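Asks: Quick one: this structure, given as structure tokens, is what I'll be asking you about.
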Amino acid sequence: MKRYLSRFWSDESGATAIEYGLIAAGISLVIIAAVNGIGTSLNSKFADINTSLK
């Protein structure tokens, strides 16, 4: 039993998966923020074009 507990505590494969998950979450937040900023900018450009065409 002691051997299984020591092997469980020394296993780091789950920590690596969690780290990759955190990196993926951080990258997705940056992408969402960038797309949101570009979307707002494009929305104002299309509104300007719409008012110019009227």
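The values are calculated or read from the model by the stated rules, or taken from the named source; none is laboratory data. Small disclaimer: the values here were computed from a predicted structure and weren't measured. Heads up, the Cβs are rebuilt from the backbone with ideal geometry, glycines too, and the neighbour counts pull from every protein chain shown.
Asks: Suppose we filter PHE46, PHE8 for residues that are of a type in the set (A, V, I, L, M, F, W, C) and modelled with pLDDT of 90 or more; which single one remains?
Replies: PHE46
Asks: Evaluate the following for SER28: is it assigned to a helix (DSSP H, G or I) and either in contact (Cβ under 8 Å) with a residue 12 or more places away in the chain or exposed (fewer than 10 other Cβ atoms within 10 Å of the Cβ) (or both)?
Replies: no
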